[in-house]
Structure formats: structure tokens, C-alpha cells
Amino acid sequence: EERRQSPGNDVLTDLIIAEASSERLTADELRSLVVTLFSAGHRTTRDSFLGGMLRLLDEPTQLELLRSDPALLPDAAQEILRCATPTVYVARVALVDADWCGVDVPAGTAVIGLLAAANLDPNRFPNPESFDAMRSNGAPLSFAVGPHVCVGAALARMEIEEILAATLARWSLLELSAEVEWAHQGPFRGPTDLVVQAAT
């Protein structure tokens with residue numbers, strides 16, 4: 001409502017204009033999009049980065065590898081998204097009758113895709129339990145696939161890469177200084193926070 005009174009040069013204002021025109025967006029769709037933009041556009045990136053940093057703090061040789069070779073940061077961002085998948089699952093509905101690996105899936109059936117589990121598939125990612133900053137065998141399924149792939153996938157990868165680069169540039173050594181608590185809400189999973197300090 002505040003943005004309605006004071007329009008800005010931003011996505012929210014554009015969505016409000018679309019809703020006001022009543023040709024492209026209903027009020028309910030507007031509210032749904034705002035919630036989605038916050039949860040998918042902020043929370044998932046935060047959760048994945050914090051989970052990835054936790055993995056790196058547990059594997060200091062990987063952290064040092066990234067510090068010594070910044071060219072690995074794009075692959076490391078992908079690996080963070082694979083190891084710390086922020087959206088654990090997605091729900092879909094089959095539009096047509098299908099056969100999935102020998103299982104009949106009638107049209108109208110709800111199907112849950114376990115993205116986090118797929119990212120740990122040893123047939124796709126050798127030694128999947130390990131964080132490997134040099135892994136370059138393709139993108140993880142963290143953003144789903146097909147026509148409903150996350151529209152923010154490229155932005156999230158870039159954000160994680162930039163945050164990781166800034167963190168490594170600012171602090172030479174870090175260590176965990178508080179127990180990590182995890183939040184699970186619907187399909188989302190990630191650390192509530194990650195408290196670190198300069199290593200001594």
C-alpha cells in the first residue's frame with residue numbers, strides 16, 4: 001500500500017501498475033507474487049549461501065582452494081547450490097498420462113520432485129556427499145528444470161558467487177563460533193544464521 005502511494009522505479013511498482021490495469025494481474029496474484037519474490041528471491045539465496053559456507057568451514061582445504069584460485073568461484077557457487085539446496089522439493093501436477101521409469105502417473109496426479117535428493121544422486125554427481133569446488137559436470141537441480149525452472153536461477157548463482165568472493169576477500173580465516181540451528185518451512189530449508197569469527 002505504501003508503494004501504491006509512492007511509486008518507485010522497481011519491480012513492485014511495475015507489478016502494482018499491472019494489477020491496476022486489471023488486464024494482466026489480479027489483486028490475489030499480486031499478493032502471491034510479492035510473497036514469492038521475497039521467499040524465492042531472498043530467502044533461498046540466503047539459505048543456500050549460509051549452508052554452503054557451513055560446508056566450506058567444515059572443509060577448510062576447499063576454502064583455501066577458492067582463496068588461492070578465484071577462477072573457481074563460479075563452479076563453487078554451483079557446488080554450494082548443489083550441496084545446500086535451499087528448496088528441498090517442488091510439487092507438480094501431471095497434465096497427461098505418463099510412464100515414469102515404469103510407474104504409471106495418471107493425468108491429474110500430484111508429483112513431488114525431491115530436488116535436494118536429486119543433487120546427491122551418485123549417478124549424476126560422483127562422490128556426492130563431498131564438497132568439490134572443482135566439480136564442473138553440470139548444473140544442479142536446485143532450480144528445477146523445464147518450463148517451470150526458477151526465473152531467478154542466474155541471479156541467485158551470481159549473488160552467491162559475489163557474496164563468496166567478498167567474504168573470502170574480507171576475512172582470511174574464519175571459524176564457526178556458535179551452534180547452527182536449521183529452519184524448515186514448507187519446501188524451504190536453511191540455517192537460521194551462521195555465527196563466525198576470525199580464526200586464531
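Rule-of-thumb check for the chain: C-alpha Rg over 2.2 N^0.38 Å? Can you show the working numbers first?
Numbers: Rg = 19.6 Å, N = 200, 2.2 N^0.38 = 16.5 Å.
Rg over 2.2 N^0.38 Å, computed on Cα atoms: 1.19.
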task = Over all alpha-carbon pairs of the stretch 1-98, lay out the pair-distance distribution in 5 Å bins, whole %, shortest bin first.
result = 2, 11, 14, 14, 10, 11, 13, 11, 8, 5, 1, 0
query = Highest GNM mean-square fluctuation, the chain, Cα pairs closer than 10 Å: which of Glu179, Glu59, Glu129?
reply = Glu179
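Find the accessible area per residue for the stretch 9-88; the probe is 1.4 Å, ligands and nucleic acids are left out, and the unit is Å². Let's see the in-between values first.
Numbers: 4080 Å² over 80 residues.
Per residue, the stretch 9-88 has an accessible area of 51 Å².
Full-extension gain between Trp182 and Ser130, please, as 0.36 nm times their residue separation minus the C-alpha to C-alpha distance. Could the numbers behind the result be given before it?
Details: separation 52, 0.36 × 52 = 18.72 nm, distance 2.01 nm.
Full extension from Trp182 to Ser130 adds 16.7 nm.
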task = Run the accessible area of the stretch 51-117 with a 1.4 Å probe and give the carbon-and-sulfur part as a rounded percent.
result = 65
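Counting each DSSP H run of 4 or more residues in the chain as -39500 (n - 2.57), what helix-only mean residue ellipticity at 222 nm follows after dividing by all residues, to the nearest 500 deg cm²/dmol? Intermediate results must be reported in sequence, preceding the final value.
On the way: 8 runs with 83 residues, N = 200.
Rounded to the nearest 500, it is -12500 deg cm²/dmol.
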key: Sequence-distant residues sharing a close amide H with Val196 (under 5 Å, placed H)   = Ser177
Net +/- balance of residues flanking Glu59 in space, Cβ distance below 12 Å, scoring K and R +1, D and E -1 = -4
Hz values of 3J(HN,Hα) by residue in the stretch 140-154 - Karplus curve (6.51, -1.76, 1.60), Gly and Pro given as x = x, 9, 4, 10, 6, 9, x, x, 9, 4, 4, 5, x, 4, 5
remark   = If the chain between Val105 and Val34 were fully extended at 0.36 nm per residue, the gain over the current Cα-Cα distance would be 22.3 nm
key: Hz values of 3J(HN,Hα) by residue in the stretch 74-84 - Karplus curve (6.51, -1.76, 1.60), Gly and Pro given as x   = x, 5, 5, 4, 4, 5, 4, 5, 6, 6, 10
inquiry  = Distance between the C-alpha centers of the stretch 23-40 and the stretch 126-200? Whole Å please.
reply    = 26
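For the stretch 113-162, what does the accessible surface come to per residue with a 1.4 Å probe? Please give it in Å². Provide the component values of the computation, followed by the final result.
Working: 2920 Å² over 50 residues.
The answer is 58 Å² per residue.
Sum up the charges of everything whose Cβ sits under 14 Å from the Cβ of Trp171, counting Lys and Arg as +1 and Asp and Glu as -1, but leave Trp171 out. Don't skip to the answer; put the middle values down first.
Working: positive: Arg67, Arg170; negative: Glu64, Glu175.
The answer is 0.
The values are calculated or read from the model by the stated rules, or taken from the named source; none is laboratory data. The shown structure was predicted, so the numbers you read here are calculated from the model rather than taken from an experiment. Reconstructed Cβ throughout: ideal geometry from the backbone, glycine too, with neighbour counts over all protein chains shown. Side chains included, ligands, DNA and RNA excluded: accessible areas come from the protein's heavy atoms. Shrake-Rupley method; radii C 1.70, N 1.55, O 1.52, S 1.80 Å.
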